[in-house]
Amino acid sequence: MTDDEKLLQQLLEKQKTGGLKPSDRFAIPSQPMPTQDEVERRSNIDEVALGYTETSARLEAMRCLQCKNTPCIEGCPVKIRIKDFVGAIADGNFGEALDIIKANSLLPAVCGRVCPQEVQCQAPCTVGKKFKDVEKGVAVGRLERFVADWDKSGDSIPEVAPATGKKVAVIGSGPGGVVVAADTRRAGHDVTVFEAFHKPGGVLVYGIPEFRLPKAIVQKEIDTLTKMGVDIVCNFVVGRTRTIAELMKEDGFDAVYIGVGAGLPRFMGIEGEHLVGVYSANEYLTRANLMKAYKFGKGADTPIAMSKKVAVLGGGNVAMDSARTAVRLGAEKVYLVYRRSEKEMPARVEEVHHAKEEGIEFCILQNPKRILGNEEGYVTGMECLKYELGEPDDSGRRRPIPIKGSEFTIDVDTVIVAIGNGANPLIGQTTPGLELSKWGNIVVDENCKTSLEGVYAGGDIVLGAATVILAMGQGRVAAAAINEYLTGKA
Amino acid sequence: MNVSHKILSKSQLSENVFTVEVEAPLVARARKAGQFVIVGISDDYGERIPLTIAGVDTDKGTIRLIWQRVGKTTAEMADLKIGESIDYIAGPLGNPTHIEKFGTVVCVGGGIGNAPLLPIATAMKEAGNKIIGILGARTKELIILEDEFAAISDELIVVTDDGSHGRKALVTEPLQEICSRDPKPDLAVAIGPAIMMKFCCRTTKQLDVPTQVSLNTIMVDGTGMCGGCRVEVGGKTKFVCVDGPEFDGHQVNFDLMMKRLGAYRTQEQKASAQYAEHRCKIGLTDTIRKKQ
């Protein structure tokens, strides 16, 4: 019996005899997430975080104080009954825990892995507050992932109501689209998902790398949709193959959900961005993930730069994903260049931690001035400026200010720009009457309804830059609104 | 819903240029002149390549694709037989050509560029324009679609670098002559290798003839997400897939574009060599001959 197992047994005994006091719970060590060896994983694409065992999951769950005011639920965008599912795990009732999560979230295996719990459910956790460290709060995401992975049944298909005869079109098969498709299908509508790429899953397959979110997990969720009777049509670009007006007027769709995700990648607008070896993170990750460029020449046909020295620009999760992907593709040196300090980085702490473990060099308070190239147009280096932090700006973060005359050059052959996306113009350009913001994002009301009757939208195309869970949260809201709209529609 | 993309007919237009008529009912229904598709021949490990739509049969729900065998994927496509299928065809993509009655439109095609040019020239003709065609290639064998252009052109000039067919000249020579006529043409459309488009634009700019070019850059998604297709037009970054593929040729930075087109040359050569070796081992040879 391991020490952990002994501890669990002692705690269970104690619980039976007189119950656990908060002090007993505080005394349980925060359970670390086992990970793949940090050297070994640099040369494979397998998942880094390996997941809790039953014992570590139950120990972690027992740290929960079962607060009456449930601050964790307030922090969850889809209001999962966190206290209850964590309690069920502590009791060893994993199936029950899963059912509790699934009442609010369809994709626990995905959210348990990619949600930024430290700024959502885990941020207000009383246990974390006690230790004055959000990382010491109850590891809600790890527990969510544990029960999702524990569920090997895979055949729990949600019940579908009798056919209503109404048709719903879902544009985009990312996290938002998947939720809308499931929720509207459950209500008995005839649902078709249109995906522009040749594989469904959206950002979950083209963007988030295998080492953070195995594609088999996403495929399982897509398969569930198919089993529910949702029709998934790939290689169908709404706006081009068919417009929204045509879908509604000619093809008989009664409602449409627009969840087309990230649009035009942003570049810095500096000299040298057209050089060969400068990528948007979208392109770099799509080549590596969706197109499997890591197997180029060994089965896969999509090439990617064979980089030795890479600079990634940005400090978000996408920047971390790009940098860590570059490591796995064989880069010897990867710099992460960010103009503010590490404290301001929007990336998850866990991702920053993993990136550092994998040898990525963090160049904070620096920003490129121009990208340098050779005669053939290939990147050879990057000239950077050093920055310092000034007064807080509109975002509340301290404004980075360039230090005059601080120019220096780093030697790189690849630059990956991960500074966000604008709105995809395709739907806006081809849908008359659809109200857009000045940035081109779709304007919606609190029910995710657009300016057009029967047309709803959510995720990045509405929020600019959203997370998986925010997209899913909007999907849930939109699906409820669509179901209500269709109930009233003749 | 699974859309079938069965190849109904196939022929070889020149040593490395192939054409198929392939089922793509959704694309055929929506497509307009100037648009393209993204094609993939293997779902799991294949590459996504942008190809022009050279023609359409809306009744049959088919489109015509023309491509040049340059890399592994285009070589594999060239080995597909009638009755076999292409895994996926997404589109139509890009903005359609702005078609109106301009007056006289001079249409310059170089090599494989004749393929995207043909539907545009045809649509221009149908809109009531007078069409002057200029088709150029290195040598006679590489001039494609000459009959089709002859059928829609009011005047057709063919040039080859070696003089093996038509005039011995580069396309810029007759283009300069035509643009020097009085009255000069109202619009030029030039589609071909980047270097050709660059020099055509230089010629027409000097003679003040507005010029449209259609760019075929490297792409992944083709819907405005990856940014791989970006070009500099009028000093601004534009995305060929959503802002193009057609641009004012006088504003395009062709030198930058040409460099970007060569981004994967080393890898492509490696992949092509591997595939050639593979073909050799399985005894595959070119069995389809011109217009069989």
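The values are calculated or read from the model by the stated rules, or taken from the named source; none is laboratory data. Worth saying up front: this structure is predicted, and the values here are computed from it rather than measured. We place every Cβ from the backbone using ideal geometry, glycine too, and count neighbours over all the protein chains shown. The area values use the complete protein model at the heavy-atom level, side chains included, leaving out ligands, DNA and RNA. Shrake-Rupley method; radii C 1.70, N 1.55, O 1.52, S 1.80 Å.
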*Could you look at the protein assembly as shown and say what percent of its accessible area is carbon and sulfur, using a 1.4 Å probe and all protein chains?*
51 percent
*At a Förster distance of 30 Å, what's the computed FRET efficiency of B:V70 paired with A:Q429, Cβ-Cβ distance as r, to 0.05?*
0.40
_Solvent-free Debye scattering, log10 I(q)/I(0), computed from the Cα coordinates of region A:1-109 at q = 0.10, 0.20 Å⁻¹_ = -0.36, -1.13
*A:K308 to A:A163: FRET efficiency via 1/(1 + (r/R0)^6), r the Cβ-Cβ distance, R0 56 Å, to the nearest 0.05?*
0.45
*What ratio of Cα Rg to 2.2 N^0.38 Å holds for region A:267-419?*
1.03
*region A:114-131 versus region B:126-171: alpha-carbon centroid distance in Å*: 69 Å
*Quick one: if you stick a label point 7 Å off each Cα along the C-beta vector at B:E100 and A:D99, how many nm between them?*
6.6 nm
_Test of understanding: given chain A, find the longest segment containing no trypsin sites (Lys or Arg not before Pro) that are in a DSSP loop and have at most 11 other Cβ atoms within 10 Å._
A:153-297
*Find the accessible area per residue for region B:5-93; the probe is 1.4 Å, ligands and nucleic acids are left out, and the unit is Å².*
33 Å²
*Counting only DSSP beta bridges with both residues in chain B, tell me the antiparallel percent, nearest 5.*
60 percent
*Occluded residues from region A:269-284, i.e. those whose accessible area drops by 30 Å² or more once the chain is not alone (1.4 Å probe)*: A:H274, A:V276, A:E283
*To the nearest 0.05, how large is the calculated FRET efficiency for A:E388 and B:T237 if R₀ is 25 Å and r is the Cβ-Cβ distance?*
0.25
*Compute the distance in nm between two label points, each set 7 Å from the Cα along the Cα-to-Cβ direction, one at A:Q66 and one at A:F131.*
2.1 nm
*How large is Rg over Rh for region B:5-93, taking Rg from the Cα atoms and Rh as the Kirkwood inverse mean of 1/r across Cα pairs?*
0.92
*What does the charge add up to near B:F149, with Lys and Arg as +1, Asp and Glu as -1, over the other residues with Cβ less than 12 Å from its Cβ?*
-4
*Chains B and A: what accessible area do they bury, summed, in square angstrom to the nearest 100, with a 1.4 Å probe?*
4200 Å²
*Compute the whole-percent fraction of alpha carbon pairs in region B:67-107 spaced more than 14 Å apart.*
69 percent
*asked:* Using 0.36 nm times the number of residues separating B:K60 and B:L80, minus their current alpha carbon distance, what extension gain do you get?
replied: 5.1 nm
*Any number yet on Rg/Rh for region B:140-292, C-alpha, Kirkwood?*
1.03
*asked:* Out of all DSSP beta bridges in chain A, what portion is antiparallel? Express it as a percent rounded to 5.
replied: 35 percent
*Could you work out the Kirkwood radius for region B:104-214, taking every pair of different alpha carbons, averaging 1/r and inverting it, reported in Å?*
13.3 Å
*Projected area of region A:345-490, taken from the Cα convex hull and averaged over every viewing direction, in nm²?*
13.6 nm²
*Using Cα pairs under 8 angstrom and six or more residues apart, how large is the relative contact order of region A:250-353, in percent?*
20 percent
_Fraction in percent of alpha-carbon pairs per bin - 10 Å, region A:410-464_ = 22, 45, 14, 11, 7, 0
*Could you work out the equivalent-ellipsoid semi-axes for region B:193-264, taking the square root of 5 times each eigenvalue of the Cα gyration tensor, largest first, in whole Å?*
22, 13, 9
*Taking K and R as +1 and D and E as -1, what net charge do the other residues with C-beta under 10 Å from the C-beta of A:P368 add up to?*
0
*Which distance in nm do the two modelled labels at A:S43 and A:V443 give, with both placed 7 Å along the Cα-to-Cβ direction?*
5.6 nm
*For the protein assembly as shown, build the convex hull from the C-alpha positions and give me its volume per residue in Å³.*
183 Å³
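Which semi-axes, in whole Å and largest first, does the equivalent ellipsoid of region A:120-274 have when worked out from the alpha carbon gyration tensor as the square roots of 5 times its eigenvalues?
Each semi-axis is √(5λ); the values are 32, 25, 15 Å.
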*Could you work out the relative contact order of region B:5-93, using alpha carbon pairs under 8 angstrom and six or more residues apart, expressed as a whole percent?*
40 percent
_chain A - percent relative contact order, Cα under 8 Å, separation 6 or more_ = 14 percent
*For chain B, set up a Gaussian network in which alpha carbons nearer than 10 Å are linked by springs, and say which option among B:G234, B:G111, B:G136 fluctuates the most.*
B:G234
*Calculated log₁₀ intensity ratio I(q)/I(0) where the Debye formula runs over C-alpha points of chain B, q = 0.08, 0.09, 0.12, 0.14 Å⁻¹*: -0.33, -0.42, -0.76, -1.06
_Solvent-accessible area per residue, Å², over region A:243-389 with all protein chains present [probe radius 1.4 Å]_ = 34 Å²
*For chain A, calculated [θ]222 nm from helices alone, where every DSSP H run of n ≥ 4 adds -39500 (n - 2.57)*: -10000 deg cm²/dmol
